[in-house]
1. Does Pro45 satisfy being in the same structural domain as Ala24 (by TED's automatic domain parsing), under 30 Å from Ser26 (Cβ atoms) and modelled with pLDDT under 80?
2. Name the single residue that is modelled with the lowest pLDDT among those in region 51-94 being surrounded by 10 or more Cβ atoms within 10 Å (Cβ to Cβ) and part of a loop (DSSP other than H, G, I, E, B).
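The values are calculated or read from the model by the stated rules, or taken from the named source; none is laboratory data. A quick note: this is a predicted structure, and the numbers were derived from the prediction, not measured. Reconstructed Cβ throughout: ideal geometry from the backbone, glycine too, with neighbour counts over all protein chains shown.
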Amino acid sequence: MRAQRGGDEHAVGLNGWGHEYVRAESRDATTVLDHRTLEQFDRDPDDDNWVGLHPVGEEIPLLDRDKWGNAWLVEQFVEWLDGGDPSKLRMIDCASSPKSAEHGEPVNVPDFLDAARADAIA
């Protein structure tokens, strides 16, 4: 699977804030989020004449909610502060193992965070 986000890294931004272009490709389909429209393009193994054509995708309806993006994340955080469930998006789950600029070795993110918490409490 390969995913690509279109944004500031291009010479010309065609999709403004909140209307990013995201494309995810897998063996059997390509899914594109563009200007808040989500489409899935299924692979047809019997179709050899796909080059240069713009296939028609199946539009997938977006979830219906009042808030999106940062407003939705802030709302989840406030609900958690009020005793609700923790967010499904946790920094520790999203953190990769960056290399230390000081040592050049991979950083164990959970251990690094535990040490930082211990220093903050001390």
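1. When the stated conditions are applied, Pro45 passes them.
2. Checked region 51-94; the qualifying residue modelled with the lowest pLDDT is Pro55.
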